[in-house]
Amino acid sequence: MAPFHPRLADLPEEIAVFPLSGALLLPQGRLPLNIFEPRYLAMTLDSVAKGRVFGMVQADPRAPRGATGPGVYRIGCLGRLSSFSETDDGRLLITLTGLIRFRIAEELPLAEGGYRRVRADYADFSRDLLLDGPTPAFDREELLGALRPYFRARGIDANWEAVEQMADAMLVTTLSMVCPFEVPEKQALLEAPDCGERARMLVALMRMGAAANAPPPEGRPS
């Protein structure tokens, strides 16, 4: 097992959560965050003393507002604080490394610092902790074939040499996290059962995104 990588039995039952729509964290992915709100500064500093973990969730526009804030999707991802630095103007620049997805079993009262906490259920996602398991099959060439026109349509530059060299699982994880999909689309990627299904979903989303952002055919008004 890699250093600092937890076992299922080591995971905390009660965790802080950071609701941030559009910021997707997946297991083994790395998410940089700029922390500046007082409650999330408190959450980050508290996490340093409590196992260096907290969860990322997205707001769910369909869910009613609760006692602790806006409704959130019930599935999120637990991250380990793997890098941490302070700025002169009082911000924290951190990186979260994704560990395992969780289902919110219960929302708890706000912490003393004003941030949200939940009781997390990891039972459905234990395979997320496997670092050396087989990657479910998907068509890598099909994925890369959808990626190029999508990036071109969105005006995104890429280091294609680095993209080509990525291992299959990390390629799917990285693209899922960095592509500018809508919140429900990012949530669907998070909830995909495995890497293979996530890759197939990526292909569909990128093809739709490329078509939606393509210039109008020549001779037709825009």
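Read-outs throughout are calculated quantities, based only on the coordinates presented, and are distinct from any laboratory measurement. The shown structure was predicted, so the numbers you read here are calculated from the model rather than taken from an experiment. Heads up, the Cβs are rebuilt from the backbone with ideal geometry, glycines too, and the neighbour counts pull from every protein chain shown.
Using helices alone, I'd like the mean residue ellipticity at 222 nm for the chain: each DSSP H run of four-plus residues gives -39500 (n - 2.57), total over residue count, nearest 500.
Details: 6 runs with 71 residues, N = 222.
Roughly -10000 deg cm²/dmol at 222 nm, from the helical runs in the chain.
Please identify the trypsin sites (Lys or Arg not before Pro) of the stretch 1-75 that satisfy two criteria: DSSP loop assignment and at most 11 other Cβ atoms within 10 Å. Which are they?
Values: sites: 7, 30, 39, 50, 52, 62, 65, 74; in loops: 7, 50, 52, 62, 65, 74.
Filter output for the stretch 1-75: 7, 62, 65.
Taking N as the number of residues in the stretch 8-129, what is its alpha-carbon radius of gyration divided by 2.2 N^0.38 Å? Present the calculation step by step, with values, prior to reporting the outcome.
On the way: Rg = 13.5 Å, N = 122, 2.2 N^0.38 = 13.7 Å.
Compactness ratio reported: 0.99.
Rank the residues 151, 181 as a footprinting-exposure proxy: fewest other Cβ atoms within 10 Å of their Cβ go first. Walk me through the numbers on the way to the answer.
Values: 151 19, 181 22.
By the 10 Å Cβ count, ascending, the order reads 151, 181.
Report the Cα centroid-to-centroid distance between the stretch 97-144 and the stretch 12-41 in angstrom, as an integer.
Cα centres, the stretch 97-144 to the stretch 12-41: 12 Å.
Take the Cα pairs of the chain, get the Kirkwood Rh, then feed it into Stokes-Einstein at 37 °C and 0.692 mPa s and tell me D in µm²/s.
Details: Rh = 18.7 Å.
Estimated via Stokes-Einstein, D reaches 176 µm²/s.
Which value does Rg/Rh take for the stretch 140-213 over its C-alpha atoms, Rh per Kirkwood?
Working: Rg = 11.3 Å, Rh = 12.3 Å.
Reported Rg/Rh (Cα atoms, Kirkwood Rh): 0.92.
Set Lys and Arg Cβ to +1 and Asp and Glu Cβ to -1, take the dipole of the stretch 8-129 about its Cα centre, and tell me which of 67, 35, 93 lies farthest positive.
67
Add +1 for every Lys or Arg and -1 for every Asp or Glu among the other residues with Cβ under 13 Å from the Cβ of residue 109, and state the total. Show your work: numbers first, answer last.
Values: positive: 116, 117, 119; negative: 14, 106, 107, 112.
Overall, the nearby charge balance is -1.
Just want the ordering: 84, 54, from fewest to most Cβ atoms lying within 10 Å of their own Cβ.
Details: 84 15, 54 25.
Lowest count first: 84, 54.
In nanometres, what is the gap between the two model label sites at residue 4 and residue 164, each 7 Å from Cα along Cα-to-Cβ?
Between residue 4 and residue 164, the label points sit 3.2 nm apart.
Please give me the summed charge of the neighbours of residue 71: other residues whose Cβ is under 11 Å from its Cβ, Lys and Arg +1, Asp and Glu -1.
Charge balance in the 11 Å sphere: +1.
What does the charge count around residue 50 come to, taking other residues whose C-beta lies under 14 Å from its C-beta (Lys +1, Arg +1, Asp -1, Glu -1)?
Numbers: positive: 52, 80, 117; negative: 10, 13, 14, 46, 112.
Result for the local shell: -2.
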